[in-house]
Amino acid sequence: MAAVFAFLGMLLISMVVALLAAMQLGDFFGANDEFGIVILMVTAFTVAALGIFSLTYAFTRRVQPITWTAWVLAAAALTPPLLPGMIQRIADHSTNPGTVGIENTYITIELIVPALAAVLVQWGLVRRRWLRMIGEDDLTRWPWISTGIAGLIILSPFGLAFLGGTLRHAGGDFMWQFTATVTGVVLGLLLVMAYVECYIRERILNRRLRPPAPPPPEGATGDLLHGGADAGTR
């Protein structure tokens, strides 16, 4: 019963993250009537992904299959553009004239980014619970703090505005150089932060996994004591 409540909590957390990402993107891209379909598909993918994770959790004897499942689900999250006509059928419901000609790209981003976020959150939570259940260390090399900060910055209105302004380079746009510089600096700082966090986590993990020093031989302690006493006598 505890596992059921734990997985319901994982579903709730991953759903909140995925839907917040989708709503931020939809608001920035000016999503309209088609956004309901996007939300429905993101929700269905999040539920299905956790169902697959739960099956892996129940039957695996090692932690690696949980990571392999995450990679497979991440690949599945990237498939919407590969499904013939799927994005276009969603775009046909759009009534926003300002997105004509580019709504397919917007919809693709609104589907992929939240789905990847859901997979990442579920992988971390499922892996952590599985390792704790068998009494092993659940520390991972993945830079969770940097990932959370990067997500908050990039998916914020200002982050999306700068990122969108950098990607939409138009001739005669004198602000583009400033926008691109700020975007590049912020992304560079985030990468450096992620590298530093990975390095720190690697050091901590190696220290925890290092086998303890073997105890001294049984007679060594007595020899040391006698040696110290003899030295004191002299």
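Readers should treat all values here as calculations from the given coordinates under stated rules, not as data from a laboratory. If you're wondering where the values come from, they're calculated on a predicted model, not measured in any experiment. Note that each Cβ is placed from the backbone with ideal geometry, even for glycine, and that neighbours are counted across all protein chains shown.
Some values worked out for this structure:
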| quantity | calculated |
| --- | --- |
| In region 124-185, the chymotrypsin sites (Phe, Trp or Tyr not before Pro) that fall in loop regions by DSSP, at most 16 other Cβ within 10 Å | 174 |
| Sum of side-chain charges, residue 42 neighbourhood, beta-carbon under 14 Å (Lys, Arg +1; Asp, Glu -1) | -2 |
| Computed over region 1-138, Kirkwood Rh from alpha-carbon pairs, angstrom | 15.8 Å |
| Computed lengthening from residue 200 to residue 149, 0.36 nm per intervening residue step minus Cα-Cα distance | 16.7 nm |
| Distance between region 1-62 and region 112-128 - C-alpha centres, whole angstrom | 8 Å |
| For region 141-213, the fraction of alpha-carbon pairs in successive 5 Å shells from zero, as % | 3, 16, 18, 16, 12, 10, 8, 6, 4, 3, 2, 1, 0, 0 |
| Phi to ³J(HN,Hα) by Karplus 6.51 cos²θ - 1.76 cosθ + 1.60 over region 192-202, Hz, x for Gly, Pro | 4, 4, 5, 5, 4, 5, 4, 5, 4, 5, 4 |
| Highest-first arrangement of 113-123, 77-87, where packing means the average Cβ count within 10 Å | 113-123, 77-87 |
| Long-range Cα-Cα pairs in region 7-86 (distance over 16 Å), rounded percent | 60 percent |
